[in-house]
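Engineer: Can you read through this structure? Questions will come right after.
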Amino acid sequence: MIADFTIHGFSFAAQKLWHIVEEVHGEQIALMCLQGPVSAVAILFEVFIVLVTTSDAQPANFVFGDSLVDVGNNNYIASLSKANYPPFGIDFGRPTGRFTNGRTIVDIIGQEMSADFTPPYLAPTAVLPLIMKGVNYASGAGGILNLTGKLFGDRINFDAQLDNFANTRQDIISSIGVPATLSLFNRSIFSVTMGSNDFINNYLAPAVLIDEMNLASPELFVTTLVSKFREQLTRLYNLGARKIVVTNVGPIGCIPSQRDTNPAAGDGCVSFPNQLAQLFNIQLKGLIPELNLNLKGSMFVYADVYHILVDMLNNYPAYGVYQSICRNRSKYVFWDPWHPTDAANAIIAKRLLDGDPNDIFPMNINWFLLQGTPAARKCSMFLAPSFVFGDSLVDVGNNNYIVSLAKANHDPFGIDFGMPTGRFSNGKTVVDVINQKLGLPFSPPYLAPSTTGSTVLKGVNYASGAGGILNNSGEIFGGRINFDAQIDNFANTREEIISLIGAPEALNLFKKALFTVALGSNDFLDNYLIPLFSIPERLLVSPESFVATLISRLRLQLTRLFSLGARKIVVANVGPIGCIPYIRDVNLNPYDEDECVTFPNELAQLFNTQLKSLVEELRTKLEGSLFVYADVYHIMEDILMNYKDYGFENPDSACCHVAGRFGGLIPCNRSSKVCEDRSKYVFWDTYHPSDAASVLIAERLLNCDTPDISPMNIFQLSKA
């Protein structure tokens, strides 16, 4: 939004509307995470109508945050961060304590729900029965850390806001009892807009900047923030919150206060604050699925206000703004040095209400409001689940729960995901990206204790590092779950789903679901091609015979998966395994070190040729099946040959490395060195693609045609 601000109808993306800079407010532009993508007025009203006709009571709205959503709490404390005087509220009718010319995003959402504005907690009027419709606890200059905002004197940081909500909770319990209170909270929307002040009025505050940055690196500071935030969000859940929207930090390097205090940036945004925001946002985005997995019954949603605001600033004329004088506040993105205008808030709210996973993940506010209602259960548009089978390329943590040498639940894995999760990557797997683009949540690992009950209705991941088609593949790693056992586990999930919703509904669910199978690499790497150990086998079994055995076994397995109810099945082939750092190093050619190793790639191509025929055979013979062949070999080969065109700088070496010409001799571990810019590497470690490469592969499988994927892409399959 910032870079293309004229497209969205704005005339001014850099200047604040109110030019008088005062030392009164300490906020920034994290933008309300409360609600919304694309149509704050019409869409949410329609959703609200559905809600009031399908439930006994209107959901309440409980708001936590900073000055971006404060509606007057700071009026009642001794703080320099106040907005209860002109010209604040010039388009609201009067100053109220809102740090804008008009409404906050919370106000706009409330209007769309035909609800009254949520009152500030400290207002004398915020008592029963009014508080059962919602309360706003936000405070200008407040942050995640309790030290944040101390330059402004009194403020209410997130811990204290949670204390205040606990008081509200007790008041409501005293009025209507525990069961009715928990039912109210279960329906309600909880929004959390925090984090901007922890940078603007803490880590980046001029008075403390030098000392703070000498004591804590950006990475350490962000890790501390996210750790504290995890505790706070968990406490909010324990107090009864279930539907929780968490907003990330916006492009704080683009707000007027940062531009003016960093004139060297010229007309552009200031890089370092934005880099800090992005570092925080990456870890925050990883925290959301973690909480959804670990906190039973929770529905955390990640609102990407950074993405929305950057788009607004990039395309501001498209949002209805043309060159105009300052008196027309609707033509400005920023109201003051820190805060968006009413017009910008309305756009952000619309996109959080109705947007796609790029704006808000895993679902937008419209769908979020419907969760748990009869309308959601009956709606034919409800998202189909994703069931995943495979090896370490798509494992999301099953190997955490077994005795295996193939584990990724430690640093530096997950360095760009926010934490190690068991994914064999610096960030997301290909399937993670596909799920995000389809608006689906991450499929949880089957072996996780929380993968039970209604959670399994959204999909499950059965993949296991070192797993293969053959049961003896990967045995050098000890424990692993090969494809036969993964299908056994799906059969257990199938029985659980039948017990939850009945056989007819379960079969209908499977008919709509997306099944992904990504296996075969380990049958070569950790079986037929194992250095030394595989030599006797290769003398006895020809490549053709070994591949024929693989295909024969896979035919039986895929047929069994179909018989258990799977219909939409994406089968990925084996990539160019002769090009991975591990194979390059153990087969180093002194005459041509930069070339991929021929024999492993020939094996992969031999397998892939027969696999493609098998997929076509099954699609023809198994009535009602939609088998799709994903040519990952072709996609990866193209990326490696044309890596510069895709923005990569290193196509052959492991980012996480210890030893070897290509960093492939020793697997990634806690002692490994990690490249500084993972986005420039095709390979994360000895075997696996980086997050950046996974995104490219996923986008081609989602959107492209033959030869990348046939007979249809995944977007088409999801709608078939």
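The values are calculated or read from the model by the stated rules, or taken from the named source; none is laboratory data. No experiment lies behind these values; they were computed from the predicted model shown. Here the Cβ positions follow ideal geometry from the backbone for every residue, glycine too, while neighbour counts run over all protein chains shown. The area values use the complete protein model at the heavy-atom level, side chains included, leaving out ligands, DNA and RNA. Shrake-Rupley method; radii C 1.70, N 1.55, O 1.52, S 1.80 Å.
Engineer: Viscosity 0.692 mPa s, temperature 37 °C: Stokes-Einstein D of the range 116-162 from its Kirkwood Cα radius, in µm² per second? List each step's numbers first, then the result.
Structural biologist: On the way: Rh = 11.5 Å.
Result for D is 284 µm²/s.
Engineer: For the range 136-292, what does the equivalent ellipsoid look like in terms of its semi-axes, each the square root of 5 times an eigenvalue of the Cα gyration tensor, given largest first in whole Å?
Structural biologist: Semi-axes, largest first: 33, 16, 14 Å.
Engineer: Turning to a different aspect of this structure: Tally up the carbon and sulfur contribution to the accessible surface of the range 383-483 as a whole percent, 1.4 Å probe, everything protein left in place.
Structural biologist: With neighbouring chains kept in place, the figure for the range 383-483 is 59 percent.
Engineer: Tally Lys and Arg at +1 and Asp and Glu at -1 over the other residues with C-beta under 13 Å from the C-beta of VAL456: what net charge comes out?
Structural biologist: In short, +1.
Engineer: Please identify the GluC sites (Glu not before Pro) of the range 552-632 that satisfy two criteria: DSSP loop assignment and at most 10 other Cβ atoms within 10 Å. Which are they?
Structural biologist: Qualifying residues, ordered by number: GLU623.
Engineer: Among ASN292, SER227, PHE185, which residue has its Cα furthest toward the positive end of the charge dipole of the range 177-317, with +1 on Lys/Arg Cβ and -1 on Asp/Glu Cβ?
Structural biologist: PHE185
Engineer: At a 1.4 Å probe radius, carbon and sulfur cover how many percent of the accessible area of the range 105-241?
Structural biologist: The nonpolar share, carbon plus sulfur, comes to 58 percent.
Engineer: What do you get when you divide the Cα radius of gyration of the range 55-115 by 2.2 N^0.38 Å, with N the number of residues? Let's see the in-between values first.
Structural biologist: Numbers: Rg = 12.9 Å, N = 61, 2.2 N^0.38 = 10.5 Å.
Dividing the Cα radius of gyration by 2.2 N^0.38 Å gives 1.23.
Engineer: What number comes out for accessible area per residue over the range 397-533 if the probe is 1.4 Å? Units Å², please.
Structural biologist: Details: 4600 Å² over 137 residues.
On a per-residue basis, 34 Å².
Engineer: Calculate, in whole percent, how much of the Cα-Cα pair population of the range 464-543 lies beyond 21 Å.
Structural biologist: Summing the P(r) tail past 21 Å for the range 464-543 gives 45 percent.
Engineer: At 1.4 Å probe size, put HIS657, HIS688 in order of accessible surface, largest to smallest.
Structural biologist: So, going from the largest accessible area down, we get HIS657, HIS688.
Engineer: Measure off, as a whole percent, the carbon and sulfur share of the 1.4 Å-probe accessible area of the range 501-653, all protein chains present.
Structural biologist: On the range 501-653, the fraction of accessible area on carbon and sulfur atoms equals 55 percent.
Engineer: Could you give log10 I(q)/I(0) at q = 0.11, 0.20 Å⁻¹ for the range 76-220, computed by the Debye formula over C-alpha point scatterers of equal weight, without solvent?
Structural biologist: Here log10 of I(q) over I(0) equals -0.51, -1.29.
Engineer: Can you report the principal axis dimensions of the range 569-662 using only the alpha carbons, biggest first, rounded to whole angstrom?
Structural biologist: 50, 28, 22
Engineer: Given the pairs LYS228/LYS437; LYS568/LYS621; LYS458/LYS512; LYS437/LYS458; LYS350/LYS458; LYS296/LYS407, which span a C-alpha to C-alpha distance of over 18 angstrom in this model?
Structural biologist: Those over the limit are LYS228/LYS437; LYS350/LYS458; LYS296/LYS407.
Engineer: Let me know the whole percent of all Cα-Cα pairs from the range 246-338 that are separated by more than 17 Å.
Structural biologist: Beyond 17 Å sits 60 percent of the P(r) for the range 246-338.
Engineer: In the range 380-532, what % of DSSP beta bridges are antiparallel (nearest 5)? Walk me through the numbers on the way to the answer.
Structural biologist: Working: 2 of 9 bridges.
Given both bridge residues lie in the range 380-532, the antiparallel proportion sits at roughly 20 percent.
Engineer: Turning to a different aspect of this structure: With Rg and the Kirkwood Rh both taken from Cα atoms, where does Rg over Rh land for the range 544-615?
Structural biologist: Here Rg/Rh amounts to 1.12.
Engineer: Something else: Can you give the three extents of the C-alpha atoms in the range 629-688 along their principal axes, from longest to shortest, in whole Å?
Structural biologist: The Cα atoms of the range 629-688 stretch 36, 24, 18 Å along their principal axes.
Engineer: Follow-up. Where only protein heavy atoms count, and the probe is 1.4 Å, what is the accessible area per residue for the range 238-284 in Å²?
Structural biologist: On a per-residue basis, 34 Å².
Engineer: Moving on. State, as an integer percentage, the relative contact order of the range 415-564 based on alpha-carbon contacts under 8 Å between residues 6 or more apart.
Structural biologist: 19
Engineer: While we're looking at this one, here's another question. Quick check of the Kirkwood formula: for the range 594-641, what is the inverse mean of 1/r over all pairs of different Cα atoms, in Å? Display every interim value, and only then the final one.
Structural biologist: Numbers: mean 1/r = 0.0809 Å⁻¹.
Evaluated over the range 594-641, this radius sits at 12.4 Å.
Engineer: Tell me the per residue accessible area of the range 568-696 using a 1.4 Å probe; a whole number in Å² is fine.
Structural biologist: I get 44 Å² per residue for this part.
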